[in-house]
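Structure first, commentary second.
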Amino acid sequence: MSNDPLIHLYSRETLAAQPSAIRDICALVAKPEVRSLAGGWPDPKKFPLKTIRRIFDTLITQQGDRLFQYGSTEGLLELRQLLAERMNTEGMINVGCDNIMITHGSAQGMYLAAQVFVDREDVIFVGLPTYFGGPGAVRSRSGKIVGIAVDEEGLNVEHLRMEANRLKASGNRVKGVYVIPNFQNPSGATLGLERRRQLVRLAETHDLIIFEDDPYGELRFEGDPLPSLKSLDRSGRVIHLRSLSKTFVPGLRLGWVAGETGAIRQMVVAKQFADAATNTPAQYILYEFIRQGYLDKQIKENVNYYRNKRDFMLAQMERYFPDEVTWNRPAGGFFIFVHLPTDLDAADLFRKAVEKNVAFVTGRPFFVDGSGHNTLRLSYAQAGHQDIEYAIRKIGNLIKAHIVGVRPTTPPKGCNKKQSKL
């Protein structure tokens, strides 16, 4: 029984809300001696502090009166115009400043989109696995979450088609799909071009909204960029969410959402009753950072920096992980997703790893159906090479110890002792 005297007054949405597993883990391991591969946060070594300070000093000297005044809910007009121009160069040619709203991070964009589009019992499809920010926003509206398989090509659109048909036939209101198309959190998978086209066509057929969450797309290490779902959309049903947390700095809490003008107007109304407007000084700083050409330079430097970290972590995994473990090779982003032997629970492995001062994120919280017990997510974003080597070696040793402890003395005939690394 709860000791909270107000629990009987909480809304159903509040009682159904689930805390972030990553935030809980990061709080647990917030000790200097812990080598953490948990948080998907950018490395503070790459924060452009000197440039931000110079820009801020100039702004406060020359236009401090505007810098600290209330701003419009839509966001700084000059910044929206600049972001629209960037999106036009990415193939989203029909996006103008009236199609954009500046938000406190892409997470707020998804929250506001859910406020506008999701009613109680509406079905929203998400990946198995997926980042839990999307499902969390849907749950805040008492929507239904249905998981769709994710493989090396991203969200399985054929599985989505079958589930949409099944649920519609049983009387459910199928409303939308939440997808991270590039270097997905946590799987690192990228939605293939043909699947992107299929997804947009399926959304048109079933009259779905697509919530396209793309915080990692500009952090591509190899290969050519793929067209966004927004650029393939001809019927205005893609809500495109972007973040500056991975390419600029996370602490200023800046992102934006792009969509049809009617949808953006509705989200503006929702935001008016949430926080009125996004941080004005942060918007001016970002505007100048982009206008003066620093963002493109920062992105290029970040790509090289995080590519090196990815390569180093993959090399350590090849060195220390046993053949029974498989993982992906992400073409960008922050994450490597690991599959353990089916008899090894990642939660048990985590508890043993913490005793060795090592942390990662277990995979189960990313699976809305409760599966994924033998999966885990590793992030190379924040840790240095020394910490990555130490952590991967310790995790590898713990996995090997488990395998030795359960392996039969005489392997059965025909037993395949090796699996390919995904």
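In segment 296-316, the residues that are more than 15 Å from Ala383 (Cα to Cα) form Cβ pairs under 8 Å with partners that are modelled with pLDDT of 95 or more and among the hydroxyl-bearing types (Ser, Thr, Tyr), at six or more places apart or across chains, as follows: Gln298/Thr247; Ile299/Thr247. Residues that are hydrophobic (A, V, I, L, M, F, W, C), under 15 Å from the mean Cα position of the chain (by Cα) and farther than 17 Å from Gly109 by Cα do occur in segment 213-231. Restricting attention to segment 207-220, the residues that are part of a loop (DSSP other than H, G, I, E, B) and closer than 17 Å to Gly192 by Cβ add up to 3. On inspection, Leu241 passes the criterion of being in a strand (DSSP E or B), within 20 Å of the chain's Cα centre (by Cα) and surrounded by 20 or more Cβ atoms within 10 Å (Cβ to Cβ).
In a residue-by-residue description of segment 191-204, the property of being within 30 Å of Val361 (Cα to Cα) and among the basic types (Lys, Arg) applies to at least one position. Annotation note: of Ala258, Ala270, the sole residue that is more than 19 Å from Leu155 (Cβ to Cβ) and surrounded by fewer than 23 Cβ atoms within 10 Å (Cβ to Cβ) is Ala270. Out of all the residues in segment 74-90, is one or more under 17 Å from Leu241 (Cβ atoms), of a type in the set (D, E, K, R), out of contact with any Pro (no Cβ under 8 Å at 6 or more places or on another chain) and not in a helix (DSSP H, G or I)? There is at least one residue in segment 74-90 that is under 17 Å from Leu241 (Cβ atoms), of a type in the set (D, E, K, R), out of contact with any Pro (no Cβ under 8 Å at 6 or more places or on another chain) and not in a helix (DSSP H, G or I). Here the condition is being surrounded by fewer than 11 Cβ atoms within 10 Å (Cβ to Cβ), under 26 Å from the mean Cα position of the chain (by Cα) and either at pLDDT 95 or above or over 26 Å from Asp151 (Cα atoms) (or both); of Gly405, Gly370, it holds for Gly370 alone.
The values are calculated or read from the model by the stated rules, or taken from the named source; none is laboratory data. This one's a predicted model, so the numbers in the text were calculated from it and none came from an experiment. All Cβ positions, glycine included, derive from the backbone under ideal geometry; neighbour counts span all protein chains shown.
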